[in-house]
Amino acid sequence: MEAPAPEKFFRVTAQIPGGWGESLSWILEKEGYGTNMEVRGFPSGLLSGEPIPAAERETMVLLVDPSRRDSLSNRMEELAQLWKWESRSWDLKFEEREDQDWEALWRARWKPFRCGRFVIYPHFAQVNKLPLRERDIPLQMVAGSSFGTGGHSSTRMALRSLLRWWEEAPFRSLLDLGTGSGILGISAAVLGVDRVAGMDIDPASAPQATKTAQANKVGGRCSFWRGSLESAAGEWEVVMGNLQSDILRHYAPLISKRLCPGGRFFAGGILDLKAKKTIDSLKAAELVLLKTQLRGRWCTAEFQKK
């Protein structure tokens, strides 16, 4: 297997205040600072208004390209100030590694799990040994560094919405903005969607998503490329954007433009404190709010174009 990680990289151990692991993991991975291999502590984050436990700490382990070491240190300083962390409450430890087996790290981290009817499993697991139920939908994930293996709250909520929409009224096309590992688009193709496309600025995203689509025998119906949201074209019955709140707000008019009349949009990755502003921006772009969900600190919203 062709490993997406560089031959030399840093294994970064981050000790951070309790309750911030999921939020920090989401931001760093989406900004391309590395793959979060491990989180210990509060797996779902804190709810808005809850105090941060002073005595609790979390541990995160990231794999970071050497060229981004200084950038990561600076970004952590910025986030620590933004979140008002005390200087002694967090630290980073960098360990240089060579010729590390990327897939071995992924194997140690990854176990099959269920999300609605989807049973998501790593490519090295034997599907015939999974405890599948009659209506379960197996979905194989290929090892890689891009975000979105289904473990994050927003991704799981997106998968459930996708499955519910398909069962209510099957659709023929889906566009996944910031596709990461490709899990949402590939899940749609596995369900039976004819035309799936997704883009991401992460250079590892498109190759990994393409391999995963091929592994699930839906490569012919999926197209993935490296690019920003502006690189998408046409109108789509369903658009999914599991993105940061600020990105959703900025691109709200473009998202609306990509939807056909009556098309549906899933917005994920919205921090609870930014939910109202984000939803208002999408509503201002001629999208009608259908439903919101909250899990931990993460909000998702479903819309329909007028």
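The values are calculated or read from the model by the stated rules, or taken from the named source; none is laboratory data. None of these values were measured; they are calculated from a predicted model. Note that each Cβ is placed from the backbone with ideal geometry, even for glycine, and that neighbours are counted across all protein chains shown.
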- Item | the range 191-211, subset assigned to a helix (DSSP H, G or I) and touching a strand residue (DSSP E or B) at 6+ places or on another chain (Cβ under 6 Å), residue surrounded by the most Cβ atoms within 10 Å (Cβ to Cβ) | Ala209
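Checking the structure you have, find out if any residue of the range 222-242 is part of a helix (DSSP H, G or I) and crowded, with 24+ Cβ neighbours inside 10 Å.
We begin by selecting, within the range 222-242, every residue part of a helix (DSSP H, G or I); these are 229-231.
From what is left, the residues that are crowded, with 24+ Cβ neighbours inside 10 Å are none.
No, the range 222-242 contains no residue that is part of a helix (DSSP H, G or I) and crowded, with 24+ Cβ neighbours inside 10 Å.
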- Query: Looking at Arg135, is it assigned to a loop (DSSP other than H, G, I, E, B) and over 15 Å from the mean Cα position of the chain (by Cα)?
  - Reply: yes
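Being surrounded by fewer than 21 Cβ atoms within 10 Å (Cβ to Cβ) and either closer than 15 Å to Leu63 by Cβ or at pLDDT below 90 (or both) is true for just one of Phe124, Phe147, Phe118. Which residue is that? Give the steps one after another, and end with the answer.
Working: Phe147 fails: surrounded by fewer than 21 Cβ atoms within 10 Å (Cβ to Cβ); Phe118 fails: surrounded by fewer than 21 Cβ atoms within 10 Å (Cβ to Cβ).
Of Phe124, Phe147, Phe118, the one residue that is surrounded by fewer than 21 Cβ atoms within 10 Å (Cβ to Cβ) and either closer than 15 Å to Leu63 by Cβ or at pLDDT below 90 (or both) is Phe124.
Residues that are of a type in the set (A, V, I, L, M) and under 17 Å from Ala158 (Cα atoms): does the range 224-233 have at least one?
Quick first cut of the range 224-233, residues of a type in the set (A, V, I, L, M) only: 229, 232-233.
Filter once more, so that each one left must be under 17 Å from Ala158 (Cα atoms): none.
No, because not a single residue in the range 224-233 is of a type in the set (A, V, I, L, M) and under 17 Å from Ala158 (Cα atoms).
Residue by residue through the range 157-206, note down the ones that are aliphatic (A, V, I, L, M) and touching an Asp or Glu at 6+ places or on another chain (Cβ under 6 Å). Working first, answer last.
If we filter the range 157-206 for residues that are aliphatic (A, V, I, L, M), which is where we start, we get 157-159, 162-163, 169, 174-175, 177, 183-184, 186, 188-191, 193, 196-197, 199, 201, 204, 206.
Across the range 157-206, the qualifying residue is only Leu184.
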- Among residues of the range 212-221, those that are of a type outside the set (Gly, Ala, Ser), in contact (Cβ under 8 Å) with a residue 60 or more places away in the chain and in a helix (DSSP H, G or I), counted: 1
- Can you spot a residue in the range 258-277 that is among the aliphatic types (A, V, I, L, M) and within 15 Å of Gly234 (Cα to Cα)? yes
- Task: Return a yes/no flag: does the range 3-11 have any residue that is surrounded by 19 or more Cβ atoms within 10 Å (Cβ to Cβ), out of contact with any Gly (no Cβ under 6 Å at 6 or more places or on another chain), modelled with pLDDT under 60 and small (Gly, Ala, Ser).
- Result: yes
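Got a sec? Which of Leu82, Leu62 is over 15 Å from the mean Cα position of the chain (by Cα), under 25 Å from Asp272 (Cβ atoms), modelled with pLDDT of 70 or more and exposed (fewer than 12 other Cβ atoms within 10 Å of the Cβ)? Talk me through it step by step, then tell me what you get.
Working: Leu62 fails: exposed (fewer than 12 other Cβ atoms within 10 Å of the Cβ).
Leu82 is the lone residue from the list that is over 15 Å from the mean Cα position of the chain (by Cα), under 25 Å from Asp272 (Cβ atoms), modelled with pLDDT of 70 or more and exposed (fewer than 12 other Cβ atoms within 10 Å of the Cβ).
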- Query: Could you say whether any residue in the range 38-48 is at pLDDT 70 or above and either small (Gly, Ala, Ser) or not assigned by TED's automatic domain parsing to the domain that holds Gln208 (or both)?
  - Reply: no
- Message: Condition first: in a strand (DSSP E or B), surrounded by 23 or more Cβ atoms within 10 Å (Cβ to Cβ) and touching a Cys at 6+ places or on another chain (Cβ under 9 Å). Now tell me which residues in the range 153-190 satisfy that.
- Response: none
